[in-house]
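Here's the structure we're looking at; comments come further down.
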Amino acid sequence: MESLRARLARAPALVAPGVYDGLTATLAEAAGFEALYLSGAAVAYTRLGRPDIGLTTMSEMAETLAAIRDRVALPIVIDADTGFGNALNAQRTMRTYERAGANALQVEDQSFPKRCGHLADKRLIPVAEMTGKIRAMADARESDETLIIARTDAIGVEGFEAALERAEAYVAAGADALFVEAPRSGEELRAVAARFAGRVPLMANMVEGGVTPVTSAADLGAMGYALVIFPGGIVRALARAAEDYYASLAAHGTNRPFADRMFDFADLNARIGTPEMLEAGARYDGGEG
Ligand SMILES: C[C@](O)(C(=O)O)[C@H](CC(=O)O)C(=O)O
C-alpha cells in the first residue's frame, strides 16, 4: 500500500474528512475517501457536548483512535493538540497514538489549554519550545512513516509574517508536513502555498464559518496544498439532522413523519456490516474450519 508520505507527494490533494467514532469512519470509508482526520474538535463536540478548548484528554483521543483503527484500514491523521503538555508529554502522545494506529500526528504551538484555531485569544509557546517538541516526537516514534504535521496558530496572535517564520523553524526542526492554521483570506492561503509548496507537504483546514474562506479541495490542490481536512463538517451536518429528528419525535410521539429522512433497521445494519459479522460469528460458533 502507498505510504501516506508518498501519497502526499503527488496530486491530487488528499481529502481527509473529519471523523470521531467507528460509525463516522465506516461511512467515510464507504464514501470512497482515502484517508481520515480524527478531529479533536469533533470529539469534544460529540463526546462532551463542549467546545474545542482543551478539555478532551489524550487517553480519550487514543481510545477513540483505537476503536476507529479496529474498524477501518485507511490512513488516519490524528489531532494531537499541543501534545498534551511539554516535549515529554508529546513523546508519550506519539508512542500512544502510534500504537493505537495513527499514521500522522498534528501538533500545534499553542500553550495548554489550547483552543480551536478559529477562536480568538489564543496563546502560543516560544518557538524553541515548539521545535523541541517536534524533535522530541520524531525521536519517540517507532516508524519514520508516522508523520509529524506541525501546526502554527500564530496568524491570529503574532501576525502573518511571524506565522511564516514559525513555520520555517518547524520545517527546519524536522516536521514532515506543515499546517499554517486559520489564514484569513484567499491571499493568505495562496501566500502560504507560494512560500512552502514543493518544499514540504502543506495541509489546509476548512472550517465552515471559521476565519478561512471555505475553498474546494481542487482549488487548494491547484494552489499547492497536499492535504485538505474538513474536520467538523460531519458534526455540523449531524447536529442539524439530530436537532430536526428530536424536534419531530417530541412533536409527534412517533418517528413516522421522519421516516424518509432516516435509515430503517435493515439499512443501518447493512452499513455497519451486521450480516457479514453474524455470518462470521456463526462460522466460528459452528466449529467449521
Ligand atoms: C482542526 C481542529 O484542530 C480539530 O480539532 O479538528 C480544529 C477544527 C475545528 O475546531 O473545527 C481547529 O482548531 O481548527
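Just so you know, all these numbers are worked out from the coordinates, no wet-lab data involved. Keep in mind it's a predicted model, so treat the numbers as computed, not measured. Every residue, glycine among them, receives a Cβ derived from its backbone with ideal geometry; neighbour counts consider all protein chains shown.
The table that follows gives values for the structure above.
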read-out: FRET efficiency, M277 to E243 (Cβ-Cβ, R0 51 Å, nearest 0.05); value: 0.95
read-out: Top of F196, F263, F179 by mean-square fluctuation, Gaussian network on the chain, Cα under 10 Å; value: F263
read-out: Prolate/oblate/rounded label for the range 171-289 (Cα gyration tensor, a/c 1.5); value: oblate
read-out: From the C-alpha gyration tensor of the chain, square roots of 5λ in Å; value: 34, 23, 18
read-out: Charge dipole (the range 30-70, unit charges on Cβ, about Cα centre) - positive-most of I53, V43, A30; value: I53
read-out: For peptides 51-59, 147-155, sequence by mean Cβ density within 10 Å, most packed first; value: 147-155, 51-59
read-out: Euclidean distance of C-alpha centroids, the range 15-58 and the range 187-233, integer Å; value: 19 Å
read-out: The chain: calculated mean residue ellipticity at 222 nm from DSSP helix runs of at least 4, using -39500 (n - 2.57); value: -13500 deg cm²/dmol
read-out: Candidates D260, D81, D21: whichever shows maximal mean-square fluctuation once the chain is modelled as a Gaussian network with Cα springs under 10 Å; value: D260
read-out: Charge dipole of the chain about the Cα centre (unit charges at C-beta), most positive-ward option of V207, L8, A218; value: V207
read-out: Highest-first arrangement of 197-209, 97-109, where packing means the average Cβ count within 10 Å; value: 97-109, 197-209
read-out: Residue-wise HN-Hα coupling along the range 42-55, computed from phi with Karplus coefficients 6.51, -1.76, 1.60 (Hz; x: Gly, Pro); value: 5, 5, 4, 4, 8, 6, 9, x, 10, x, 7, 10, x, 7
